[in-house]
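Contents: one structure, followed by commentary.
Read-outs: derived from the displayed coordinates by stated rules, not from any lab. Being a predicted model, the structure only gives us computed values, none of them experimental. Methodologically, a virtual Cβ is constructed for each residue, glycine included, from the backbone with ideal geometry; neighbour enumeration extends over all protein chains shown.
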């Protein structure tokens, strides 16, 4: 085989330029295997799927490396798909505030979470004041629009009504005594 053909063949097996392949062959007395080993030590050998793969690493080490890459990739893919699923659910479900049967506001749950993170000390007191002003809160959507979730929200509204009525009744009794 001519030197040019050997250089081209080495280029096809390793991720190197013509000059690098020629230099590796010259350094190793035009021995293809030794030149390939040298380039592998430099990290320039292709390890793509579907292409021929040459290495001097033991098979167990190769398998371990492949499994570690697969685990890392599948772990990241799993995390990313779970994160995207949460975002999707946060946009599909809504938080609804109503007063006397009329909807005041309906926002995606994701926006509610962001607002609570940014302005917890403003949003939460406003929601509590809203309960005493006859506001009722509920969720709508495929994940949170369930009866058990909205029953819990209804109990909070009932508790606020009971508290408001007991304060009002206490004030009425106080007025009667005077």
Point to revise | Simple spin-label estimate for residue 175 and residue 120 in nanometres, 7 Å along Cα-Cβ | key: 4.0 nm
Check your understanding: According to a simple spin-label model (label point 7 Å from Cα along Cα-to-Cβ), what is the distance in nm between residue 133 and residue 106?
Key -> 2.1 nm
Point to revise | Theoretical gain in end-to-end length, residue 97 to residue 163 [0.36 nm per residue, Cα-Cα removed] | key: 21.8 nm
Check your understanding: What is the spin-label model distance, in nm, from residue 151 to residue 28 if the labels are put 7 Å beyond Cα along the C-beta direction?
Key -> 7.3 nm
